[in-house]
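*Asks:* First, the structure itself, so that you have it in front of you.
The values are calculated or read from the model by the stated rules, or taken from the named source; none is laboratory data. Keep in mind it's a predicted model, so treat the numbers as computed, not measured. Note that each Cβ is placed from the backbone with ideal geometry, even for glycine, and that neighbours are counted across all protein chains shown.
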């Protein structure tokens, strides 16, 4: 019996903040592995999602990267470094742009980082369902790439599942011949603790004010599985200031309870079991500028 020829490679999903990269990744995979909120810079670390086709001949390792932006602190510099690292290691690049708007400075920054890289490039115009002038917008984005070769597609990652599936097929068709990098059936390379912490951070970002979400981090400190199936998860919600702690806790603990209940519901759906989630709010002053704190919270420098 002949060995099956396999194709596998890494695919970076890149773009400025808040263009729908994480939504696209989750829909390409058919499972949620990356947090989603309406706030920019929700994704802080490169998250790998793994898709293997039913024939077990192609495996795409999608890398959801933080939004490329002009950094204001050490965390921002770390996030941009995550993008640079992803671009240096991948086989295919998927640049996601927002068709509702013409290119901004951050889009130009992305274009400068990718237009000279000798790798296949697909430009995905997202949010087609709410864009007034999508063709004109795509033309402006294309012009940023000069004479660089690329293919393009316009879709809504949330509203056009058939187009997302077609995009996935076009990606796996150009994967290089390689053995698989991950076992068949793998959905992500992230640890369960990291994933659970990101679910908690997502719910916190949705429910806190304008400034605090960007100063919030999470760390899972303990994970216990009981024989009856109950999973106990203990997680710190980390903020930078004492007054942020008071806001995150809320009157009588109401805000923290709201965050915990929403995160627990998500975790129970995805883990298909009962979850006990205990949250505590910790203050680490100015952690976004503290290299030691960044390392402690998983943002390796």
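*Asks:* Being modelled with pLDDT of 95 or more and either surrounded by 13 or more Cβ atoms within 10 Å (Cβ to Cβ) or not assigned by TED's automatic domain parsing to the domain that holds residue 97 (or both) is the filter here, so list the residues in the range 145-164 that pass it.
*Replies:* 145, 150, 152, 153, 154, 155, 156, 163, 164
*Asks:* Can residue 167 be described as in the same structural domain as residue 89 (by TED's automatic domain parsing), at negative phi and buried (at least 16 other Cβ atoms within 10 Å of the Cβ)?
*Replies:* Against the criterion (in the same structural domain as residue 89 (by TED's automatic domain parsing), at negative phi and buried (at least 16 other Cβ atoms within 10 Å of the Cβ)), residue 167 qualifies.
Conditions tested, residue by residue: (1) outside any loop (DSSP other than H, G, I, E, B); (2) modelled with pLDDT of 85 or more; (3) not assigned by TED's automatic domain parsing to the domain that holds residue 107.
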| residue | (1), (2), (3) |
| --- | --- |
| 1 | no, no, yes |
| 12 | yes, yes, no |
| 16 | no, yes, no |
| 25 | yes, yes, no |
| 28 | yes, yes, no |
| 32 | no, no, no |
| 36 | no, no, no |
| 39 | no, no, no |
| 45 | no, no, no |
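*Asks:* Scan the range 56-75 and tell me whether some residue there is surrounded by fewer than 19 Cβ atoms within 10 Å (Cβ to Cβ), at negative phi, at pLDDT 90 or above and assigned to a helix (DSSP H, G or I).
*Replies:* The answer is no, given that none of the residues of the range 56-75 is surrounded by fewer than 19 Cβ atoms within 10 Å (Cβ to Cβ), at negative phi, at pLDDT 90 or above and assigned to a helix (DSSP H, G or I).
*Asks:* Among the residues in the range 122-144, are any without any contact (Cβ under 8 Å) to a residue 40 or more places away in the chain, surrounded by fewer than 19 Cβ atoms within 10 Å (Cβ to Cβ), part of a loop (DSSP other than H, G, I, E, B) and touching a helix residue (DSSP H, G or I) at 6+ places or on another chain (Cβ under 9 Å)?
*Replies:* no
To keep it simple, each residue is scored yes or no on (1) in a loop (DSSP other than H, G, I, E, B); (2) out of contact with any helix residue (DSSP H, G or I) (no Cβ under 7 Å at 6 or more places or on another chain); (3) under 30 Å from residue 277 (Cα atoms).
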{"residue": "149", "(1), (2), (3)": "yes, yes, no"}
{"residue": "153", "(1), (2), (3)": "no, no, no"}
{"residue": "158", "(1), (2), (3)": "yes, no, yes"}
{"residue": "170", "(1), (2), (3)": "no, yes, no"}
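*Asks:* With the condition being outside the structural domain of residue 26 (by TED's automatic domain parsing), touching a strand residue (DSSP E or B) at 6+ places or on another chain (Cβ under 6 Å) and over 22 Å from residue 32 (Cα atoms), I'd like the helices (runs of 4 or more DSSP H) fully within the range 210-301 carrying at least 1 qualifying residues.
*Replies:* So the answer is 242-249, 254-271.
*Asks:* Conditions: (1) in contact (Cβ under 8 Å) with a residue 24 or more places away in the chain; (2) at negative phi; (3) part of a loop (DSSP other than H, G, I, E, B); (4) not assigned by TED's automatic domain parsing to the domain that holds residue 287. Residue 183 meets all but one. Number of the miss?
*Replies:* (1)
*Asks:* Looking at the range 237-249 only, could you name the residues that are surrounded by fewer than 19 Cβ atoms within 10 Å (Cβ to Cβ) and either within 18 Å of residue 202 (Cβ to Cβ) or modelled with pLDDT of 95 or more (or both)?
*Replies:* Matches in the range 237-249: 247 only.
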